[in-house]
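Peer 1: Quick one: structure below, then a few questions.
The values are calculated or read from the model by the stated rules, or taken from the named source; none is laboratory data. Keep in mind it's a predicted model, so treat the numbers as computed, not measured. All Cβ positions, even for glycine, are placed from backbone atoms using ideal geometry, and neighbour counts span all protein chains on display. For accessibility, only protein heavy atoms count, side chains too; no ligands or nucleic acids. Shrake-Rupley method; radii C 1.70, N 1.55, O 1.52, S 1.80 Å.
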Amino acid sequence: LHRGKVHDYLGMELDFRTKGEVKIGMTKYVKKMLEDFPVKLKSKDVARTPAGDTLFQKGSGGLLDKTWSKIFHTMIAKGLFLCKRAQPDIQQAIAVLCTRVKDPNQADWAKLMRMMKYLNGTQDKVLTLKADDLHVIKWYVDTSFVVHPDFKSHTGAIMTMGKGALQSISRKHKLNVRSSTESWRRQRSY
């Protein structure tokens, strides 16, 4: 049993000190993730966004060897845990990189590096949730048509009740489609 306004649960710090809202942070988890990363980032090694323009491209360069491939897979798994709980802003990068864990190449490593630099610059970031009206749930959904190298589309969505994403989705479609309209219709089934 734990009482009070601040709680630790599954690596998350749940802060209820501000009336009417909750702040969810995973600062310790992000710092540990950066410590475990074999490339030591300095304080000036930051990125403004978690992904660049080439996120959906397969990229070039040789495949990573087994050691670096395992590190890549581990960091993506840790990022997946983080994006589902406190940092939905990295979810799109993680969703795309999850499709590359079997055979990551040098370009995929560069994408992971950018995400890690973003986390390095946003270590203290928290997700703030607040409900404006308990009877109104808003969904914001968009689909990008044929953006993956295998010609599949990608859907992103968030659910909110005012401030912050209560639930977020970033997902590669399972089927190829012939038009952006069909792509939009398919994403509704997710």
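Peer 1: Separation between the W68 and V141 pseudo-spin-labels, each 7 Å from Cα along Cα→Cβ, expressed in nm?
Peer 2: Result: 4.0 nm between the two label points.
Peer 1: I've got another one for you. As an exercise, identify the chymotrypsin sites (Phe, Trp or Tyr not before Pro) in the range 1-80 lying in DSSP coil whose Cβ has no more than 10 other Cβ atoms within 10 Å.
Peer 2: Here no chymotrypsin sites (Phe, Trp or Tyr not before Pro) fit, given the DSSP loop and packing criteria.
Peer 1: Also: Using a 10 Å Cβ count of at most 11 others and DSSP loop calls, identify the longest part of the chain lacking such trypsin sites (Lys or Arg not before Pro).
Peer 2: With a cap of 11 other Cβ atoms within 10 Å, the longest stretch comes to 103-173.
Peer 1: Is the shape of the range 54-154 rounded, prolate or oblate, going by the alpha carbon gyration tensor and its root eigenvalues a ≥ b ≥ c, with a/c under 1.5 for rounded and a/b larger than b/c for prolate?
Peer 2: oblate
Peer 1: Give the residue list of chymotrypsin sites (Phe, Trp or Tyr not before Pro) in the range 119-177 that are DSSP loop and have at most 14 other beta-carbon atoms within 10 angstrom.
Peer 2: F151
Peer 1: Can you tell me the relative contact order of the chain? Whole percent, Cα pairs under 8 Å, sequence separation 6 or more.
Peer 2: Relative CO of the chain lands at 21 percent.
Peer 1: At a temperature of 4 °C and a viscosity of 1.567 mPa s, determine how fast the range 102-190 diffuses translationally according to Stokes-Einstein, using the Kirkwood radius over alpha-carbon pairs as Rh; express D in µm²/s, rounded to the nearest whole number.
Peer 2: My calculation gives 83 µm²/s for D.
Peer 1: Using the structure shown, list the pairs from K31/K130; K32/K163; K102/K174; K32/K174 with a Cα-Cα distance above 23 Å, or answer none.
Peer 2: Over 23 Å apart, Cα to Cα: K31/K130; K32/K163; K32/K174.
Peer 1: Relative to a virtual label point 7 Å from the Cα of A77 in the Cα→beta-carbon direction, which members of the range 25-69 show backbone nitrogen distances below 19 Å?
Peer 2: 29-39, 64-69
Peer 1: Continuing with the same structure: Quick one: plug the Kirkwood hydrodynamic radius of the range 90-145 (C-alpha pairs) into Stokes-Einstein at 10 °C, 1.306 mPa s, and report D in µm²/s.
Peer 2: Value of D from the Cα-based Kirkwood radius: 110 µm²/s.
Peer 1: Averaging the inverse of every distinct alpha carbon separation and then flipping it gives the Kirkwood radius. What is it for the chain, in angstrom units?
Peer 2: Kirkwood radius, the chain: 18.0 Å.
Peer 1: Another question about this same structure. Please report, for the Cα atoms of the range 12-86, the Rg to one decimal and the Dmax as a whole number; what are they, in angstrom?
Peer 2: 16.0, 52
Peer 1: Given a 1.4 angstrom probe, what's the average accessible area per residue across the range 1-131, in square angstrom?
Peer 2: With all protein chains present, the range 1-131 gives 59 Å² per residue.
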